[in-house]
Structure formats: C-alpha cells, structure tokens
Number of protein chains: 2
Amino acid sequence: MSEPIFRRAEQADLPAIVAMLADDILGQQREDTRMPLATSYVHAFQAIQADPNQFLAVVELNGEVIGTLQISYMPGLSHQGAWRGEIESVRIAQSARGSGLGRKMILWAVEQCRARQCRIVQLTSDLKRVDAHRFYEHIGFTGSHKGYKMML
Amino acid sequence: MSEPIFRRAEQADLPAIVAMLADDILGQQREDTRMPLATSYVHAFQAIQADPNQFLAVVELNGEVIGTLQISYMPGLSHQGAWRGEIESVRIAQSARGSGLGRKMILWAVEQCRARQCRIVQLTSDLKRVDAHRFYEHIGFTGSHKGYKMML
C-alpha cells in the first residue's frame with residue numbers, strides 16, 4: 001500500500017482542488033469548475049502562496065490529488081499572545097472517503113500548527129455536517145463555540 | 001458627546017488591551033496583566049503589526065481606550081476564491097458596556113472587510129456568551145457553524 005504524501009499545493013493542483021471543493025453537498029452550489037478556471041481562483045491561489053501565514057496543502061496518493069485543506073496561522077494577543085492555527089476548506093475526493101484519510105489530514109494539520117508554536121488550533125464546521133462533528137470531537141477538539149458568518 | 005475613534009493599535013495601547021482581555025468572565029483565567037507585560041504579549045503584538053493581513057484595532061473615547069478587536073484577512077479558494085475577514089478578540093471596557101459600542105465596533109469591522117473586498121465575514125463566540133449570540137444574529141450574522149478548538 002502506498003502512503004499518502006502531504007505537500008504544499010502548486011498552481012497545477014488548482015483544478016483538482018476546485019473539483020473537490022465543488023464535489024460536496026454544500027460546495028456544489030457555490031463553486032465554478034468550468035475550465036479554464038475562473039481567474040478569481042488563480043488570484044486567490046497567488047494570494048495564499050504570497051502569504052507566509054497561509055499554507056494550502058494537498059494530499060497525493062499514487063500521483064493523484066485526493067485531499068486538500070488550508071491552514072491559516074494567526075498571531076493574536078489573547079491567551080497571553082498565543083498563535084492560532086485555523087483549519088479551513090477540508091475536502092477529500094469521493095474515491096478516498098471512508099478510508100481514514102480525514103483523520104490523518106486533521107492530525108497532520110495539528111502537527112503543522114504545533115511546529116509553528118501555535119497554542120490553539122481552531123476550525124468551524126457547518127451545523128449540517130453532523131458526521132464531521134462526531135469526528136472532530138473524537139480526535140480531541142471541543143465544540144465550545146458557535147460560528148457566525150455574514151456574506152457581503 | 002464625543003464620538004469614538006477607531007484606529008490601529010500602537011504598542012503603547014498594549015496594557016489597556018490586555019486589561020480588557022483579562023476583564024472578562026472567560027479571559028480572566030487565561031491572561032496575565034502584571035506589569036511590565038509578559039514578553040509573549042509584546043512578541044504577539046509585533047507579529048500582528050508585521051503582517052499586512054492582520055489589523056488590531058482599538059476604540060478611543062476622550063483619550064481612553066475603551067474597546068478592541070482584531071481582524072484577520074484570509075485569502076482562500078472556496079466560494080470561488082473569496083477573501084474572508086475573521087473578527088477575533090472583541091472586548092469592551094466595563095465603563096463602555098451597554099452603550100451600543102459593540103454594535104458600532106462590529107459594523108465598523110464589517111466595513112473594513114468590505115473595503116478589503118472580503119465576501120465573507122466570520123467569527124466564533126463561546127457557547128456560554130448567550131447575549132453575544134443574540135447580538136450577532138440581530139446585526140445580520142447567521143449562526144450556521146459549530147466552532148471547535150484544541151489547545152496544544
């Protein structure tokens with residue numbers, strides 16, 4: 001069995017990442033997978049790569065991209081000046097769901113946060129993703145907060 | 001009546017900001033207000049100021065700092081490459097609570113996010129802060145997510 005490889009995303013990974021973002025019960029209404037990809041995705045990718053406090057990761061297995069997530073490292077004053085790592089946009093390709101990859105990805109992301117001296121790791125999950133909630137609680141997260149969004 | 005002034009925090013504001021972080025039912029156990037301030041606060045402040053995607057704000061009234069919040073601007077691929085603005089560490093001095101300042105601060109932060117072309121504004125609030133939840137819903141946020149934390 002090959003082991004999945006975790007690495008920083010490259011621009012060539014964009015179509016695979018956007019396809020995963022779209023292949024999701026919530027994401028399918030809000031993404032645009034038409035090729036060539038909308039320039040808004042390319043500009044966002046460039047902004048992520050230019051920011052040393054953003055890490056867009058992909059997981060590769062046998063040359064295929066099967067997962068993605070983004071970590072945002074945020075300095076802050078609270079908790080005596082603790083850095084936070086925020087995990088966003090976690091997606092796994094259909095072919096790899098149910099394989100335990102999600103667990104590996106989140107634990108990997110937590111280790112990245114630890115290596116960057118973060119003292120808090122945080123994420124939010126849509127209230128509709130009940131299975132994800134069980135999963136996050138199982139691996140040691142506490143669902144202590146309510147997450148609010150406003151679309152502009 | 002003077003109007004509150006919103007501005008970027010300076011290092012001289014740190015004691016007032018840390019005092020507000022600590023003067024809170026949840027924050028009082030996790031902050032250290034002893035002077036001189038722990039260097040961890042100073043280092044965190046310097047990291048915030050050095051990052052163009054972080055904005056630590058204070059609100060000043062008659063020369064006194066009465067409020068603080070931080071905005072983190074995050075590029076991301078989802079929602080067709082939407083920038084997000086995340087509001088963190090919102091605190092108001094005892095003397096200014098119940099004055100409508102919280103509403104002004106959050107609406108001001110939303111306008112900062114709009115000016116930076118964010119299409120999503122997000123924040124999390126501890127489940128214990130029930131009054132804050134009513135407030136966020138009242139000003140147009142949707143409590144659509146569960147917020148998870150892991151302390152490292």
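Write out the trypsin sites (Lys or Arg not before Pro) in segment B:54-129 meeting two conditions: DSSP loop, and at most 14 other Cβ atoms within 10 Å of their Cβ. Working shown, then result.
Values: sites: B:ARG84, B:ARG91, B:ARG97, B:ARG103, B:LYS104, B:ARG114, B:ARG116, B:ARG119, B:LYS128, B:ARG129; in loops: B:ARG97, B:ARG116, B:ARG119, B:LYS128, B:ARG129.
Those satisfying the criteria are B:ARG97, B:ARG116, B:LYS128.
Once you have a ≥ b ≥ c as the square roots of the Cα gyration tensor eigenvalues for segment A:34-152, tell me rounded if a/c is under 1.5, and otherwise prolate or oblate according to whether a/b is larger than b/c.
rounded
Past 23 Å, Cα to Cα: identify those pairs from A:LYS128/B:LYS149; A:LYS146/B:LYS149; A:LYS104/A:LYS146; A:LYS128/B:LYS104; A:LYS149/B:LYS128; A:LYS149/B:LYS146, in the order given.
Too far apart for the 23 Å limit: A:LYS104/A:LYS146; A:LYS128/B:LYS104.
Nearest 100 Å², what total accessible surface is buried between chain A and chain B (probe 1.4 Å)? Could the numbers behind the result be given before it?
Details: alone 10010 and 10010 Å², together 14200 Å².
Adding both sides of the contact gives about 5800 Å².
I'd like the distance separating the alpha-carbon centroids of segment B:1-21 and segment B:105-152, in whole Å.
Taking the Cα centre of segment B:105-152 as reference, the centre of segment B:1-21 is 21 Å away.
Tell me, what is the per residue accessible area of segment A:1-99 in Å², probe radius 1.4 Å?
I get 45 Å² per residue for segment A:1-99.
Once a ≥ b ≥ c are taken as the square roots of the eigenvalues of the Cα gyration tensor of segment B:20-67, is the result rounded (a/c under 1.5), prolate (a/b larger than b/c) or oblate (a/b not larger than b/c)?
On the way: a/c = 1.69, a/b = 1.11, b/c = 1.53.
In terms of gyration-tensor shape, oblate.
If you count, for every residue in A:25-36, the Cβ atoms of partner chains within 10 Å of its Cβ, what is the mean?
1
B:SER95 to B:SER2: extension gain in nm, 0.36 nm per residue of separation minus the Cα-Cα distance?
Contour length minus the Cα-Cα distance gives 32.0 nm.
Only sites in a loop by DSSP and with at most 16 other Cβ atoms within 10 Å count here; which trypsin sites (Lys or Arg not before Pro) in segment B:1-80 make the cut?
Of the trypsin sites (Lys or Arg not before Pro), the ones in loops of segment B:1-80 whose Cβ has at most 16 other Cβ atoms within 10 Å are B:ARG30, B:ARG34.
If the label for A:PRO52 sits 7 angstrom from Cα along the Cα-to-Cβ line, what are its distances to the same label in every other copy, in nm to one decimal, shortest first?
1.4
Would you mind calculating the gained length between A:GLU64 and A:LYS104 on full extension (0.36 nm times residue separation, minus the Cα-Cα distance), in nm to one decimal? Kindly include the intermediate steps, with their values, before the conclusion.
Working: separation 40, 0.36 × 40 = 14.40 nm, distance 1.68 nm.
Length difference between fully extended and current span is 12.7 nm.
Ranked from the most accessible area to the least, with a 1.4 Å probe and all protein chains present, what is the order of B:ILE25, A:ILE106?
Details: B:ILE25 125, A:ILE106 0 Å².
Listed by decreasing accessible area, they come as B:ILE25, A:ILE106.
How high is the FRET efficiency from B:ARG34 to A:GLU10, r the C-beta distance, R0 41 Å, rounded to 0.05?
For R0 = 41 Å, the calculated efficiency reads 0.30.
What residue of chain B has the nearest C-beta to the axis that moves B onto A, and what is that distance in Å, given as a whole number?
B:GLY147, 2
When Cβ neighbours within 10 Å are restricted to other protein chains, what is their mean count per residue of peptide A:136-147?
6
Give me the percent relative contact order of chain A, please, defined on Cα pairs under 8 angstrom at least 6 residues apart.
The normalised contact order for chain A reaches 18 percent.
Between the label point of B:GLN11 and that of the same position in each other copy, find the distances and list them shortest first in nm, with every label point placed 7 Å from Cα along the Cα-to-C-beta direction.
Taking the point 7 Å beyond Cα along Cα→Cβ, the inter-copy spacings are 3.9 nm.
Find the relative contact order for segment A:85-152 and round it to a whole percent, using C-alpha pairs within less than 8 Å whose residues are 6+ positions apart.
36 percent
How much of the accessible area of chain B, probe 1.4 Å, is carbon plus sulfur, in whole percent?
Percent of accessible area from carbon and sulfur atoms in chain B: 53.
The values are calculated or read from the model by the stated rules, or taken from the named source; none is laboratory data. These numbers were taken from a predicted model, which means no experiment stands behind them. Cβ coordinates were reconstructed from backbone atoms using ideal geometry, including for glycine residues, and neighbour counts include every protein chain displayed. Only protein heavy atoms, including side chains, enter the accessible area calculation; ligands, DNA and RNA are left aside. Shrake-Rupley method; radii C 1.70, N 1.55, O 1.52, S 1.80 Å.
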